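First the structure, in the form of structure tokens, and then the observations on it.
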Amino acid sequence: MKIFYSDSFVLPLPEGHRFPMQKYAMLRKRVEEAGVCAPGELRVPRAATDGELALVHTRGYLEKVKTGTLSRREIRRIGFPWSEQMVERSRRSCGATLEAAETALLEGFAANLAGGTHHAFADRGEGYCVFNDVAVAIRTLQREGAVERAVVIDTDVHQGNGTARIFEGDPSVFTFSIHGAKNFPFHKERSDLDAELMDGARDDMYLEALAEGLKRSLEESEAEIAFYLAGADAFEEDRLGRLSVSKEALAWRDRMVLEACRRCSLPVVVTMAGGYAREIENTVEIQLASIMEAQRMWRLERST
């Protein structure tokens, strides 16, 4: 199974910054150690082009990101200081999801070891998200005639507000988000389907809501490709999650989503989205499990 990574493009963050950038390199190392990929299948992606990004993002916003002319307020909203490395990494993350999507259409499953930057709107970034990689991938595939319809299955604990706004009123893209009702973002956008969970929701409540939302999403979307945001931040020990979901339930979540898509013959792109566990190894372990479940499904697909 082909997997794309962009962790070699490191962001220069201030000392004490809360975003755990090291999780990406740690995850890639664990993927290599686990033998998930055959030689040559773990790849550095190309950078998304201006034309691809402009299918989603406004020209004005793109120009400000490229030239470093974002206002202080805009930079605070993103959460990262501007740098040339930030721009390059954000482009590469979009490129990784796009290349994974192109691969999934051919091979059934592919993954980006980052991505899931679902808080990025057309005209602004937010919540550690500069460009919306899933939206860029979908619009590029649509422009190329590779697909007409897509479904976004977003299990990050924070609502995919940017994605919801970008595709609002567009019947060709079905957006499903299962998230904390009282967690960030505090102003929610309207997805095609939102499953909102109260603080402290446990495994049974989480999986029941996921099952209902997944069934409806796949039935109503009539999609030709699925984008699965396998966020690790619903985990009970996540600093920003506010839910009480176990690792075991999150592993079952992965199986539910990927098996349901496979039954529908839907190619799947897996992105990592958020994860902020108190012990970073827990985030990495959860995300590795998501990748390994995708690999298992890919092998089943190839054996049939």
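Below is a table of values for the structure above.
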quantity	calculated
Unique match (being touching a strand residue (DSSP E or B) at 6+ places or on another chain (Cβ under 6 Å) and part of a loop (DSSP other than H, G, I, E, B)) among P14, P20, P45, P39	P45
Residue count for the range 219-243, restricted to those that are open to solvent by 30 Å² or more (accessible area, probe 1.4 Å) and outside any loop (DSSP other than H, G, I, E, B)	2
Test for E63: is it assigned to a helix (DSSP H, G or I), touching a Ser or Thr at 6+ places or on another chain (Cβ under 8 Å) and open to solvent by less than 50 Å² (accessible area, probe 1.4 Å)	no
Test result for A38, without any contact (Cβ under 8 Å) to a residue 12 or more places away in the chain, farther than 25 Å from A122 by Cα and surrounded by fewer than 19 Cβ atoms within 10 Å (Cβ to Cβ)	yes
Candidates V245, V284 - the one that is of a type in the set (V, I, T) and either closer than 29 Å to S172 by Cα or over 17 Å from the mean Cα position of the chain (by Cα) (or both)	V245
Selection from the range 145-182 of residues that are open to solvent by 10 Å² or more (accessible area, probe 1.4 Å) and assigned to a loop (DSSP other than H, G, I, E, B)	G145, A146, E148, R149, H158, E168, G169, D170, P171, S172, A181, K182
Positions within the range 82-122 being open to solvent by 10 Å² or more (accessible area, probe 1.4 Å), in a helix (DSSP H, G or I) and under 22 Å from A232 (Cβ atoms), in sequence order	R89, S90, R92, S93
Some residue of the range 290-297 being open to solvent by less than 30 Å² (accessible area, probe 1.4 Å), assigned to a loop (DSSP other than H, G, I, E, B) and not charged (D, E, K, R)	no
Residue among F131, F121 that is under 22 Å from K66 (Cβ atoms) and without any contact (Cβ under 8 Å) to a residue 60 or more places away in the chain	F121
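The values are calculated or read from the model by the stated rules, or taken from the named source; none is laboratory data. Since we're looking at a predicted model, the values are computed, not measured. Methodologically, a virtual Cβ is constructed for each residue, glycine included, from the backbone with ideal geometry; neighbour enumeration extends over all protein chains shown. These accessible areas exclude ligands, DNA and RNA; they are computed on the full protein's heavy atoms, side chains included. Shrake-Rupley method; radii C 1.70, N 1.55, O 1.52, S 1.80 Å.
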